[in-house]
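As structure tokens, the structure follows; a few thoughts come after it.
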Amino acid sequence: MTPRTPTRNPPLEAATLRTRDGHRVWFAVAGARDGVPVVVLHGGPGSGSQLGVLRLFDLSRFRVVLVDQRGTGESTPHGSLRHNSTRYLIADLEAIRARLGIERWGVLGGSWGAALALAYAGQCPQAVTGVVMRGLFLTSAREVRGLFVTSRRRAPRAWSRLRDAARCEHASKLAARCYSMLLQVGANETRQRAVALAWRGYENAVLASASPGGPAQHALQRRSPSSARNARKLIGKYRIQAHYLAHRCWLGEARLLSLARRAASAGVPLAAIHGSRDPVCPPANARRLSRAVPAAHVDAVRAGHLASDPALHARVAQALAAMFIPIDQEGRSMRRAA
């Protein structure tokens, strides 16, 4: 593995998993070599890993594995939909776990990553020591409609720009129209770029609506592609997101909750932290999980969707330590600190 030291972040050891079907999946490891292993599953779908997630962990006690899912982040070919579905992502996780020599690991997932974490734990419970989720997405048609139709009230101007970019007259058809424009073979790249930019602008405006004036949200809105390469990466991100949403991530709510029950029945502890003001993944999602899996620990926090929200960040960090750090080790660390 090749050392990589990102600015203001701990050193990473990065590597690439080459799959038999032509993908190169980027992953990286940070923290203590003998630390508790936890793999982080990013959201989107299509967003790629965020190095800021490492701040959730005490890296003297955790061994954190970041994975850019197929076609996202540093993984290549970027934006590729070929052999790109949930079952392939789960197979990649198992291949990376085996390559690193990890017998079992914990899983942290946010938003789409939380859904993927549940699906993975349900299908491979023997490989998972526990799951911590932030802002659970249940992969339902109801949630997709909520984002593209209902949430327009939160950001009407940004929604109108997305509708115009997608050349869509009917709100109910907006998601399908974005999908067709981004996936159309030989489509005009300028139009695809306009859709991707408008989608990102709308998404960021909806996120910002949960905490008006929040610096993290405003920073998101100011960002724009500074080069043709960045524009193509943005198109790739939303192409993958459209691809997954159009297929309900090859899961759907009923199947995902069934997989959650299977994981819990196999002894995998589940913890979900959900913002009560989450504008993307409805807070009712946490209650749906709790009803389906009574053993799951569900915690509502007065926060939005983003992991950068201080209240959400603090509670997720606490959940990680509580689930994965043994009590006797926690006690020894506190005594040393004293």
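All of the numbers you see were taken from the coordinates with simple rules; none came from a lab. Note that this is a predicted model, so its numbers are computed, not measured. Please note: Cβ atoms are built from the backbone with ideal geometry, for glycine as well, and neighbour counts cover all protein chains shown.
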Practice task
State the extension gain, in nm to one decimal, for the chain segment bounded by ARG262 and LEU100, taking 0.36 nm per residue of separation less the distance between their alpha-carbons.
Solution key: 55.7 nm
Practice task
Using a 10 angstrom cutoff on alpha carbons, build the Gaussian network for the chain and name the most mobile of HIS170, HIS274, HIS305.
Solution key: HIS170
Problem - Separation between Cα centres of region 19-65 and region 148-176, rounded to whole Å - result: 34
Practice task
Using Cα extents along the principal axes in Å as the read-out, say which of (i) 84, 42, 39; (ii) 61, 40, 37; (iii) 60, 44, 38 was calculated from these coordinates.
Solution key: (ii)
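Per-residue ellipticity at 222 nm for the chain, helices alone: DSSP H runs ≥ 4 residues times -39500 (n - 2.57), over residue total, nearest 500 deg cm²/dmol?
Details: 12 runs with 150 residues, N = 338.
When only DSSP H runs of four or more count, the value is -14000 deg cm²/dmol.
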Practice task
Once you have a ≥ b ≥ c as the square roots of the Cα gyration tensor eigenvalues for region 1-95, tell me rounded if a/c is under 1.5, and otherwise prolate or oblate according to whether a/b is larger than b/c.
Solution key: prolate
Fill in the blank from the handout: Most fluctuating of LEU17, LEU320, LEU162 in the GNM of the chain (C-alpha, under 10 Å) is LEU17
Handout entry: Between helix 327-337 and the chain: long-axis angle, C-alpha atoms, 0 to 90°, nearest 10
Key = 90
Problem - Share, in percent, of DSSP beta bridges within the chain that are antiparallel, nearest 5 - result: 40
Practice task
Compare GLY22, GLY130, GLY113 in a GNM of the chain, Cα atoms joined below 10 Å, and give the one with the largest fluctuation.
Solution key: GLY22
Problem - Approximate spin-label separation ASN188-SER85, in nm, with each point projected 7 Å along Cα-to-Cβ - result: 3.3
Practice task
Name the long-range amide H neighbours of LEU17: under 5 Å, sequence gap of 5 or more, or other chain; modelled H, no Pro or chain starts.
Solution key: VAL25, TRP26, PHE27
Handout entry: About the Cα centre, charge dipole magnitude for the chain (Lys/Arg +1, Asp/Glu -1 at Cβ), debye
Key = 820
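In percent, what relative contact order does the chain have, based on Cα pairs under 8 Å that are 6 or more apart in sequence?
Numbers: 609 pairs, mean separation 59.4, N = 338.
Here the relative contact order equals 18 percent.
Taking square-rooted eigenvalues a ≥ b ≥ c of the alpha carbon gyration tensor, is region 281-327 rounded, prolate or oblate, where a/c under 1.5 means rounded and, failing that, a/b exceeding b/c means prolate?
On the way: a/c = 3.08, a/b = 1.09, b/c = 2.81.
Oblate.
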Practice task
Considering the options TRP112, LEU234, GLY48, tell which one lies farthest towards the positive end of the dipole of the chain, charges being +1 on Lys and Arg and -1 on Asp and Glu at the Cβ, about the Cα centre.
Solution key: LEU234
